Amino acid sequence: MQSLGIAHVSTANHSGLSRRTFLSIAGAALAGPAGAASFQRVRRAKTEIRLGLIGCGMRGSSLLRESQRLDKAGANIRLAALSDAYAPRARRAAAACGSEVATHWKALVERNDLDAIVIATPSHWHASMTRAAIDAGKDVYCETPMALSAAEAREVLTVLRDSDRVVQFGANATSEPQWSVARDLIDGGAIGPVQWCQAYAHVGDAPEQPGPAASIARAELDWDAFRGPVEQPFDPERFRHWRHYWDFSGGVATESFYGTLAALLVATGERYPTRVAAAGGIYACDGRETPDSFVMMAEYAGGARFVMASCLPGRGGAPSAFIRGAEGTLELLGDRVRVTPEGAPAYDVACDARASHLDNWLTCMRTRETPVCGPELAFRAMAAAGLAVEAYRGRKTVIPDAVCLA
């Protein structure tokens, strides 16, 4: 197949749950003036961590509320400034948290009084905003997916490997304890070698901006700031439903499957797919380009096969995933993992509570450890999701270049 532009990936032992050794102040200084200055700010931030938020839509608003909850619980953080391409949304968010509004996201990134940037924009901005924030010496929390494509994500990974910044990607499922419990059970031989993983995702259809497209005034929406490098005339419907269009999103694979793919990688220890296939279609008849029905399968060198399908919401208590081994099955049930060995009664293993995904990142900012979904795990998930998009759009099974698997 044609090269994806994904270069060699280190074979160093790494999982989304591993921790880096604590960095000393002297070690941070070796990273250069910008990195050292930001590190010293956060070291002193036993007082306060100051955040900038780019994007105040559904996910941005949720992260805003989560930051306020954590601050009230003693995290000692402040969302000091924010930016959004749609002015009414920026004003509402600023009023909710008392922060300043930046005229443009680049102005936010370049501010010297911020320790970190939270990115909650459409997917086509994730790679360039992450790189800009890293270049400015900021730590980063970026919502899923890592980038718009696997090749683009590989470029981001190269930058992050040369940086000392603490970067978390928003695959929230990786902060759920059930996946690390599953990993311990698999490592302990509870179900034998993993052969098959199956998971589902509900694909919601809520618009990013409520109300009809006609209600979005041109004067209130900075279209250039929204579309970025995409050559597209002003179209408020694309702003409202950006997940429906390939220019802005990878659709179901990157928006809905990504987090669970990352979590399955945590549980199984698999790294990169050796073959990816996908199928689906568009049944909504509303002008969208990305499919509303989607199924993907990824085969891994370790022997596991991941099957992901979009579906309607299941009944309460339904497993979020199954992991089938040669000698038994795991059902991931949120607060517990059910183990069903072959020929033996099932039993449950309880999952202890864990810090939220955002809280994990804030803690790692202070300790300089690797968050649960750092760059390496985020790229492994992006390799599977991005190749699934390529398989669907090309109507073919994709066999990645060998360099993707190293």
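I'm trying to understand the selection: among the residues of segment 244-268, which are modelled with pLDDT of 95 or more and either basic (Lys, Arg) or open to solvent by 30 Å² or more (accessible area, probe 1.4 Å) (or both)? Result: 246, 247. Being at pLDDT below 95 and closer than 19 Å to residue 390 by Cβ holds for only one residue in 291, 212, and it is 291. Going through (1) among the β-branched types (Val, Ile, Thr); (2) open to solvent by 50 Å² or more (accessible area, probe 1.4 Å); (3) part of a strand (DSSP E or B) one by one, residue 276 falls short only on (2). Residues in segment 232-285 that are of a type in the set (Ser, Thr, Tyr) and out of contact with any helix residue (DSSP H, G or I) (no Cβ under 8 Å at 6 or more places or on another chain): 256, 274, 283.
Residues of segment 157-186 that are within 24 Å of residue 64 (Cβ to Cβ) and part of a helix (DSSP H, G or I): 172, 173, 174, 175. For segment 130-165, a residue qualifies if it is surrounded by 24 or more Cβ atoms within 10 Å (Cβ to Cβ) and of a type in the set (Val, Ile, Thr), and the qualifying residues are 130, 140, 144, 156. The set of residues in segment 96-125 that are part of a helix (DSSP H, G or I), open to solvent by 10 Å² or more (accessible area, probe 1.4 Å) and within 27 Å of residue 238 (Cβ to Cβ) comprises 96, 105, 106, 107, 124, 125. For segment 110-125, a residue qualifies if it is in contact with a strand residue (DSSP E or B) (Cβ under 9 Å, 6 or more places away or on another chain) and over 16 Å from residue 60 (Cα atoms), and the qualifying residues are 111, 113, 114, 115. Going through (1) at pLDDT below 95; (2) of a type in the set (A, V, I, L, M); (3) assigned to a helix (DSSP H, G or I) one by one, residue 201 falls short only on (3). Within segment 63-77, being in contact (Cβ under 8 Å) with a residue 40 or more places away in the chain and surrounded by fewer than 21 Cβ atoms within 10 Å (Cβ to Cβ) holds for 66, 70, 75. Contact map, segment 78-102: first residue aromatic (Phe, Trp, Tyr), second residue open to solvent by 20 Å² or more (accessible area, probe 1.4 Å), Cβ cut-off under 7 Å, separation 6 or more or different chains; pairs are 86/220. Report yes if some residue within segment 347-354 is open to solvent by 40 Å² or more (accessible area, probe 1.4 Å) and under 22 Å from residue 261 (Cβ atoms); otherwise report no. Yes, because at least one residue in segment 347-354 is open to solvent by 40 Å² or more (accessible area, probe 1.4 Å) and under 22 Å from residue 261 (Cβ atoms). Taking residue 200 as the residue in question, decide whether it is open to solvent by 10 Å² or more (accessible area, probe 1.4 Å) and of a type in the set (Ser, Thr, Tyr). So residue 200 fits the description; yes. Screening 206, 225, 213, 182 for residues that are open to solvent by 30 Å² or more (accessible area, probe 1.4 Å), of a type in the set (Gly, Ala, Ser) and in contact (Cβ under 8 Å) with a residue 24 or more places away in the chain leaves exactly one candidate, 206. Selection of segment 229-243 for residues being in a loop (DSSP other than H, G, I, E, B), closer than 20 Å to residue 149 by Cα and open to solvent by 20 Å² or more (accessible area, probe 1.4 Å) yields 229, 231, 232, 241. Filtered by the rule that a residue be closer than 24 Å to residue 381 by Cα and at pLDDT below 95, segment 334-352 gives 334, 335.
Sub-8 Å Cβ pairs linking a first residue in segment 246-264 that is on the phi > 0 side of the Ramachandran plot to a second residue that is in a helix (DSSP H, G or I) and open to solvent by 10 Å² or more (accessible area, probe 1.4 Å), at least 6 apart or interchain, are 251/243; 251/244; 251/389, ordered by first then second residue. Going by the conditions given, is residue 192 closer than 22 Å to residue 264 by Cβ, more than 14 Å from the chain's Cα centre (by Cα) and without any contact (Cβ under 8 Å) to a residue 24 or more places away in the chain? When the stated conditions are applied, residue 192 does not pass them.
The values are calculated or read from the model by the stated rules, or taken from the named source; none is laboratory data. Fair warning: this is a prediction, and the values are worked out from it, not measured in the lab. Cβ sites come from the backbone with ideal geometry, for glycine too, and all protein chains shown count toward neighbours. Surface accessibility is based on the protein's heavy atoms, side chains included, excluding ligands, DNA and RNA. Shrake-Rupley method; radii C 1.70, N 1.55, O 1.52, S 1.80 Å.
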